[in-house]
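For reference, the structure is listed below as structure tokens.
Please treat every number below as a calculation from the coordinates, not as lab data. Please read all numbers here as calculations on a predicted model, not as lab measurements. Using ideal geometry, Cβ is built from the backbone for each residue, glycine included, and neighbour counts are taken over all protein chains shown.
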Amino acid sequence: MMTNLFSIFDPSTNILNLSINWISTIIGIMFIPFTYWMIPNRHFIFWNMILTNLHKEFKTLLNKNNFNGATFIFISLFSFVLFNNFLGLFPYIFTSTSHLTLSLSLSLPLWLSFMFYGWINNSQHMFAHMIPQGTPNILMPFMVLIETISNIIRPGTLAVRLTPNMIAGHLLMTLLSSTGSNFPNFLLFILIFIQILLLILESAVAIIQSYVIAILSTLYSSEVN
């Protein structure tokens, strides 16, 4: 019985004090062998077409200074987040992307690597980025402070953008499903229809959020070159 509304996001299922809810993040390894068939199936062709379009878009955002293969970092990020977002829509599967533990573990190392690379190799560009062109001299200290704060909170905004969006829909679906036992029979069809609409909405949110976090990471990377 659910004692707390947020207990559905609590990784408390364990065997011998080992949490097994996080295993959902690596279940995708089971699907990797299907991509090595000599004759690819329609699913693999469709997925390959999506990744090719993403590669072209990320390459455009990274400008001419990107390294060969740099887009694969963000394609992998998109694929990992998308898979875990969709996996959380299935019953009795832990939604790993609804935790800041996972989202911060993805965004913080990326941001730190961008910052180290930018300040070590392009220090002058990074200093110039602190002050927008045309800023009056009297406002320069304030602009440096504002730009520094906005730069520091970037990994947090990436993580917080993903986590609440995944939690909100799941909470709404949980609230509606928990009230189903109190509904009369003729209203259950309406409840089921609403749940199906919410599931479609959550599927769209899963795609959009994974795309947004990959695009923003690409934009942050392009600013340090």
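Each principal axis of the Cα atoms in region 84-148 has its own extent, and those three values, largest first, are 58, 25, 16 angstrom. Across every pair of non-identical alpha carbons in region 5-222, the mean reciprocal distance, once inverted, gives a Kirkwood radius of 20.3 Å.
Quick one: net charge around GLU147, please, counting Lys, Arg +1 and Asp, Glu -1 for every other residue with C-beta under 14 Å from its C-beta.
Around GLU147, the surrounding residues sum to 0.
Dividing the helix sum by the residues of the chain, where each DSSP H run of 4 or more adds -39500 (n - 2.57), gives a mean residue ellipticity at 222 nm of -22000 deg cm²/dmol.
Round to a whole angstrom and tell me the spacing of the C-alpha centers of region 38-55 and region 166-225. For region 38-55 versus region 166-225, the Cα centre distance is 26 Å.
Shape class for region 125-225: prolate, because the ratio a/c of the largest to smallest gyration tensor axis (alpha-carbon atoms, square roots of eigenvalues) is 1.5 or more and a/b beats b/c.
As a proxy for reagent exposure, MET166, MET143, MET30 were ordered by neighbouring Cβ count within 10 angstrom, fewest first; the result is MET30, MET143, MET166. For region 133-179, what class follows from the C-alpha gyration tensor (a ≥ b ≥ c being the square roots of its eigenvalues): rounded when a/c is under 1.5, otherwise prolate if a/b is larger than b/c, else oblate? Note, shape of region 133-179 comes out prolate.
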